[in-house]
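The values are calculated or read from the model by the stated rules, or taken from the named source; none is laboratory data. Owing to the predicted nature of the structure, the values given are computational and were not obtained by experimental measurement. All Cβ positions, even for glycine, are placed from backbone atoms using ideal geometry, and neighbour counts span all protein chains on display. Protein only, heavy atoms only, side chains kept; ligands, DNA and RNA dropped before computing areas. Shrake-Rupley method; radii C 1.70, N 1.55, O 1.52, S 1.80 Å.
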Amino acid sequence: MDGSKILIAASAAFAALCATGITVAASASNSGNGYRTGTAYDNRMDDRLALRMLDAHNRERQRLGLPKLKWNRALEREAQQWGRELARRGRLEHADRRTRNSTGENLWMGSQGQWDVLVGLEMMIDEKRHYRHGNFPEISSTGKWADVAHYTQIVWRDTKEVGCSVVNDRGWDVLVCRYWPAGNVWGQKAY
């Protein structure tokens with residue numbers, strides 16, 4: 001074999017070895033916690049993902065006999081801007097109420113590409129297991145209103161519109177949902 005054929009054969013062998021290593025690493029990372037990991041998810045926001053998020057919100061609202069939410073692109077853009085900032089910071093924190101125009105806000109963060117971000121939304125909806133119907137903040141069987149605040153924002157009767165965005169950056173998938181008008185109003189019931 002001449003030198004170029006050896007170089008081509010070595011390159012092909014190296015590429016095959018790398019592909020095998022990536023597959024093994026991906027298949028070995030299933031966490032066994034009930035949520036599927038180890039699969040790379042494309043969480044970029046598009047119309048299909050927006051529809052899936054809206055449907056997830058509205059399924060829970062319909063279960064309770066509440067009006068459906070409408071998708072709001074302006075809220076989606078605001079959510080995307082804040083999501084970029086959170087990915088840059090590498091931690092979750094709510095935007096100041098004034099900078100988010102008094103809208104409600106739900107947040108979730110996971111390792112980039114490891115989770116379908118709808119898992120984050122499902123986790124918020126799953127907070128209903130601790131929900132106790134009462135006036136805010138007396139709404140949680142745990143005694144801590146924050147344990148159900150994502151859920152109550154999703155099902156807040158007076159909320160009419162939602163816009164969410166997913167930012168994939170700096171090793172994070174960040175889900176930000178904005179709600180208008182905001183829920184979790186002190187002294188009021190969610191529905």
For this session: Residue by residue through segment 48-57, note down the ones that are touching a strand residue (DSSP E or B) at 6+ places or on another chain (Cβ under 9 Å) and either touching a residue at least 60 places away in the same chain (Cβ under 8 Å) or crowded, with 16+ Cβ neighbours inside 10 Å (or both).
Result: LEU49, ALA50, MET53, LEU54, HIS57
Exercise. GLY120: closer than 16 Å to SER165 by Cα and among the small types (Gly, Ala, Ser), yes or no?
Worked result: yes
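Condition check ((1) surrounded by fewer than 13 Cβ atoms within 10 Å (Cβ to Cβ); (2) of a type in the set (A, V, I, L, M, F, W, C); (3) touching a Ser or Thr at 6+ places or on another chain (Cβ under 7 Å)) across all residues:
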| site | (1), (2), (3) |
| --- | --- |
| GLU60 | no, no, no |
| GLY65 | yes, no, no |
| TRP71 | no, yes, no |
| ARG84 | no, no, no |
| ALA87 | no, yes, no |
| ARG91 | yes, no, no |
| ALA95 | no, yes, no |
For this session: Starting from segment 134-159, take each residue that is under 15 Å from MET124 (Cα atoms) and open to solvent by 70 Å² or more (accessible area, probe 1.4 Å) and list its partners that are outside any strand (DSSP E or B) and not β-branched (Val, Ile, Thr), counting only C-beta distances under 7 angstrom and pairs at least six apart or across chains.
Result: TRP145/PHE136; TRP145/PRO137
Problem set entry | Members of segment 109-124 found to be open to solvent by 20 Å² or more (accessible area, probe 1.4 Å), at pLDDT 95 or above and of a type in the set (A, V, I, L, M, F, W, C), listed by number | MET123
Exercise. So ALA15 fits all but one of (1) open to solvent by less than 90 Å² (accessible area, probe 1.4 Å); (2) of a type in the set (A, V, I, L, M, F, W, C); (3) modelled with pLDDT of 55 or more; (4) assigned to a helix (DSSP H, G or I); what number is the exception?
Worked result: (3)
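Quick check on segment 172-190: of everything there that is more than 17 Å from MET124 (Cα to Cα), touching a Gly at 6+ places or on another chain (Cβ under 8 Å) and not hydrophobic (A, V, I, L, M, F, W, C), which residue is most open to solvent (accessible area, probe 1.4 Å)?
Looking at the filtered set, the residue picked out is LYS189.
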Problem set entry | Positions within segment 64-83 being closer than 18 Å to TRP108 by Cβ and touching a Gly at 6+ places or on another chain (Cβ under 6 Å), in sequence order | LEU75, GLU76, ALA79
